[in-house]
Every structure is written in structure tokens, then in C-alpha cells.
Amino acid sequence: MNEQTKRQPLLPQISMRWYFVAMLVVAVLLAMFLRSSLNQYLEIALLLTGVSALLFFAMSAITFAMAYVIGATDKLAQQAEQKTESPFAYDSLPPQIVPPHPNE
């Protein structure tokens, strides 16, 4: 894959057919709503569905923000701990996998 055809991780990977499916579902729901004699009940159901979806997305965003903050502070705390435990902080070499032989 060359640079121009790589997928972008931040862009949504949704094809156009899903937009058409969503438009079809919205059109069918609107047609049912306009043709129905029970407009009040359908309006309440759609309103409750929308409110519950908004609450779900809001709670998901809050949960994600909390997890992000906890992860970021934990990462900062780990970096602060690693800086003080550097093998070069006390003028000593790091441990070697194979120690040198004094006879050579």
C-alpha cells in the first residue's frame, strides 16, 4: 500500500450504502408517522427513543473522558517514576545481558 491509499484512522470507514439504508429507514418511519392515526403515541415513542440515544451517547462520552484522564495521569505517573530509576542517575552502567569476561 502506498502513502496515498492508506486508510486514515480518524476518518469513519462507512460506505455510502449505509447512508442510503439510514435514509430509507428514516423515510419509512416518517411515512408511518404521517399515515398513522396514532400520531401522539408514535411521537412519544420517537421522542423517548431519541432521548435515550442521546443519554447513551452522553454517558459513553463521559465514561470515555474519565478513562482517558485516568490513563493519561497514570502514564504521566509512570514516566515520573521511570525518570528517577534511570540506571545512569547514580553514575552506574545498566545491567548487561552477557557480562564481560575479565580474562579477555
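Values quoted throughout were computed directly from the atomic coordinates according to the rules given, and no laboratory measurement underlies them. Computed from a prediction, not measured in an experiment: that's the story for all the values here. Using ideal geometry, Cβ is built from the backbone for each residue, glycine included, and neighbour counts are taken over all protein chains shown.
A few comments on the model shown:
- Take the Cα of M66, step 7 Å toward its Cβ, do the same at L42, and the gap between the two points is 3.9 nm.
- Projected over all directions and averaged, the alpha-carbon convex hull of the stretch 38-84 occupies 2.5 nm².
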